[in-house]
1. Give the Debye-formula value of log10 I(q)/I(0) at each listed q (0.18 Å⁻¹), with one equal scatterer per alpha carbon of region 132-179, two decimals each.
2. Residue by residue through region 83-91, which ³J(HN,Hα) values in whole Hz follow from phi under the Karplus form 6.51 cos²θ - 1.76 cosθ + 1.60 (θ = phi - 60°), with glycine and proline marked x?
3. Of all the accessible heavy-atom surface of region 61-179, with the other protein chains kept in place and a 1.4 Å probe, what percent is carbon and sulfur?
4. Taking a probe of 1.4 angstrom, what is the accessible area of Thr96 in Å², to the nearest 10?
5. Can you classify region 82-158 as rounded, prolate or oblate using the Cα gyration tensor, where a ≥ b ≥ c are the square roots of its eigenvalues, rounded means a/c under 1.5, and otherwise it's prolate if a/b beats b/c and oblate if not?
6. So how strong a dipole does region 82-158 carry about its Cα centre when Lys and Arg Cβ are +1 and Asp and Glu Cβ are -1, to the nearest 20 debye?
7. Any idea what the relative contact order of region 82-158 is, in percent, if you count C-alpha pairs under 8 Å spaced at least 6 apart?
Amino acid sequence: MCRGLESLPITCLERAKELKALFGSLLQRSEHSLTGQAKKSDKQRLHEVNEPLKWKESFDNLLSSQNGLCVFRAFLVSEFSEENIAFYLACEDYRTSKPSKLATKAKKIYEEFVCSDAPREVNLDHATKEVTRENMMRPSQSCFDQARDKIYTLMEKDCYPRFLRSSAYLELTRETKTG
């Protein structure tokens, strides 16, 4: 197993592996529940069946879906760029942190993702790294905003289109459409 897969949370890996079977199973069940006698749980299943199609509508739709995020994260692991989503999620968590925790969390994020010898260094230009380094002197909830926005844009413009063309995603949507 490659080192990248080991760093992915096991629940996310398991979830990504199960999604194909899950959506396939839901598709078969949803055909029987379209008779007007649909229960609430059947309606929820039908919504879940169409979930992969929603991911194509926007990058935000993909990131706001637990299943989508897991599948996208597994895709990034396969592309050796999982640090991007890990950094983005760490920044999102950081923004909602209590002020008393900001300095500790900022240091951890900076050392893991931003500094030049970081173990999971994200691809940031020198100017953005410098702004982020300066922000570290007085950590606030916005000190990673510029770096987070750069990585978000990188994923949206580069990784997300490749994800939408990936065989895993295309197979999920093909199963969804053919039901």
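The values are calculated or read from the model by the stated rules, or taken from the named source; none is laboratory data. Every value quoted in this text rests on a predicted model; they were computed, and no experiment measured them. Methodologically, a virtual Cβ is constructed for each residue, glycine included, from the backbone with ideal geometry; neighbour enumeration extends over all protein chains shown. With ligands, DNA and RNA removed, areas are computed over all heavy atoms of the protein, side chains included. Shrake-Rupley method; radii C 1.70, N 1.55, O 1.52, S 1.80 Å.
1. One equal scatterer on each Cα of region 132-179 leads to -0.65.
2. Here the 3J(HN,Hα) series is 4, 5, 6, 4, 5, 4, 5, 5, 5 Hz.
3. Ligands and nucleic acids excluded, carbon and sulfur give 51 percent.
4. 110
5. Values: a/c = 1.59, a/b = 1.37, b/c = 1.17.
Cα axes put region 82-158 in the prolate bin.
6. 480
7. 36
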